[in-house]
Amino acid sequence: MQTQPALSGAGGRYSQPRYMPDKRTTQGGGNSPALFYGAVHCTACGRLRSTGLWGNVPVYYIISSATADGGEATCACGTSAKAGIMTDIKGFSFAAVPAGFKAPDRLDLALIVSDRPACAAGVFTTNLFKAAPVIVAMEAAAGGQARAIVINSGQANACTGAEGLANCRRTLEMISAATGIEASEILPASTGVIGQQLKMDLWQQAVPQLAAGLGSCGLDDFARAIMTTDSFPKTATASLSLQGGQVHLAGVCKGAGMICPNMATMLAVLLCDAQVPVHVWQQMFRDAVAQSFNRVTVDGDTSTNDTVFGLANGASGVEVLPEELPLLQQAVTALMGDLAYMLVQDGEGATKVLRIAVTGAADDTDAEKAARTVGHSQLVKTAFYGKDANWGRIVAALGRSGAAFDPAQVSVSICGVTIFAEGAPTPVDADALLKEPLERTDISVDIVLGQGKGTYTLLASDLSHEYVSINADYRS
């Protein structure tokens, strides 16, 4: 075990570990490793233990049988400590109201306000048909400072021309008038059906109520307000003990379909109350997105609206020292990693999360080509939905990936069982050995190309009948 300043995380919907970077990591029971998403620490000794990687970032756990929802954790030092739910991020307030964009009484308009100017970062969709709020947010985030984020669900305000752009700017003027925050310091995002103009009369009615409700709700209601086809709100929190004191992070996201970044269908917000220079925050934020949200896929489609915002407002009063920046980077990346996992877990119709890890590629670029081709393959995804260890579909996808390798050097393992090696199936009863593992909701696919040191890990969902039903009925 290594001694570091303590990093803790808790929250979200599930009690079981979600952030599963490594097949060696198992769920609790006795003294088996129980992985808290992001990280776990002992409050007495602050010790962390590393296992696996999310991209190139260590993930930490302590030996325990605790759950991520506040169970008791016993450290190797003998101390028992409770993993608490962090709700005390400083300087941010939340509001969410039912504006009528979706079903009556369903939350669909949400606002976050910082009590002071915050360092702002943003990563946006690569789709050329950028939605109006993406265009406006890119302009605002370029200045490196913001105080508020407003998100509506139900209408994407994408492909709506000059009128859509003007409407987006009008909504920010409404928020500005109601809160006293400059419109240029408000970052907008929208999600929903493409091609529909915003219902400005509903905005006019809802904004005063939204502003009046600041501080009346928390992260969970904000998460519910930005949902579309999501089946549950997605939130994550963490705290980091530094020399100057404790800083906090909170994250929220939505997404269910069209998820295949570089940036693809999803919206996410990450908040931090540490004091950090804006240029450092922006680079840290971009690096974390690259290691998390840009390593997931549900259906291979890229949206017009997808956005990740990050605000660091310094309200904790704790300055992050230069030597502590790697710790904050780990915390930010781990938190985004947990949110990214939930995106795949809650992908439209998804029943399984596939962790596709490619090693031994000629370089990281080839490893990414291989992982993405396997993760995007509809035949691979449907095989796992059907609980079929069909290695033939995996190697067929590898063969068309564009990665350079010798087929005779390739091996494929599913849930730790090597079923293909040296260009041929291995002499094992794969169906029998994998019958129980393929019932799980987390499936590891390990591919070794035997060419070099290139690596890449991708999270993908399976593909079910329900995915077709959801998307066939989306507008009806």
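Side notes on the structure shown:
- Of all the numbered requirements in (1) surrounded by fewer than 24 Cβ atoms within 10 Å (Cβ to Cβ); (2) among the hydrophobic types (A, V, I, L, M, F, W, C); (3) modelled with pLDDT under 90, L343 misses one, and that requirement is (1).
- Candidates in region 379-391 are the residues that are not polar (S, T, N, Q) and not in a loop (DSSP other than H, G, I, E, B); of these, the one that is nearest to S411 (Cα to Cα) is W391.
- One residue from A370, A383, A389 being touching a residue at least 60 places away in the same chain (Cβ under 8 Å) and crowded, with 20+ Cβ neighbours inside 10 Å: A370
- Among the numbered conditions (1) in a helix (DSSP H, G or I); (2) closer than 21 Å to T373 by Cβ, the only one that L339 does not meet is (2).
- In region 468-475, the condition of being at pLDDT 90 or above, not assigned by TED's automatic domain parsing to the domain that holds G337 and not small (G, A, S) is met by no residue.
Here's the yes/no breakdown for (1) of a type in the set (G, A, S); (2) out of contact with any helix residue (DSSP H, G or I) (no Cβ under 6 Å at 6 or more places or on another chain):
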| position | (1), (2) |
| --- | --- |
| A158 | yes, yes |
| A162 | yes, yes |
| C168 | no, no |
| M174 | no, no |
| A177 | yes, yes |
| P188 | no, no |
| V193 | no, yes |
| Q196 | no, yes |
| V207 | no, no |
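- Any chance D220 is free of Cβ contacts under 8 Å to residues at least 24 places away in the same chain and surrounded by fewer than 24 Cβ atoms within 10 Å (Cβ to Cβ): yes
- Tally of residues being in a loop (DSSP other than H, G, I, E, B) and crowded, with 24+ Cβ neighbours inside 10 Å across region 272-298: 4
- Condition check for L398: in contact with a Pro (Cβ under 9 Å, 6 or more places away or on another chain), touching a residue at least 12 places away in the same chain (Cβ under 8 Å), not in a loop (DSSP other than H, G, I, E, B) and not charged (D, E, K, R): yes
- Flag for T418 being of a type in the set (V, I, T), within 14 Å of L434 (Cβ to Cβ) and either modelled with pLDDT under 95 or not in a loop (DSSP other than H, G, I, E, B) (or both): yes
- Checked against the criterion of being in a helix (DSSP H, G or I), farther than 29 Å from M138 by Cβ, at pLDDT below 95 and assigned by TED's automatic domain parsing to the domain that holds C415, region 360-378 has at least one qualifying residue.
- Positions within region 198-221 being in contact with a strand residue (DSSP E or B) (Cβ under 9 Å, 6 or more places away or on another chain), at pLDDT 95 or above and either over 13 Å from L109 (Cα atoms) or part of a helix (DSSP H, G or I) (or both), in sequence order: L202, W203, A206, V207, Q209, L210, A211, A212
- Scanning region 195-213 for residues that are crowded, with 16+ Cβ neighbours inside 10 Å and not charged (D, E, K, R) yields Q196, L198, L202, W203, A206, V207, L210, A211, G213.
The values are calculated or read from the model by the stated rules, or taken from the named source; none is laboratory data. All values reported here derive from a predicted model rather than from experimental measurement. Note: ideal-geometry Cβ built from the backbone for every residue, glycine included; neighbour counts use all protein chains shown.
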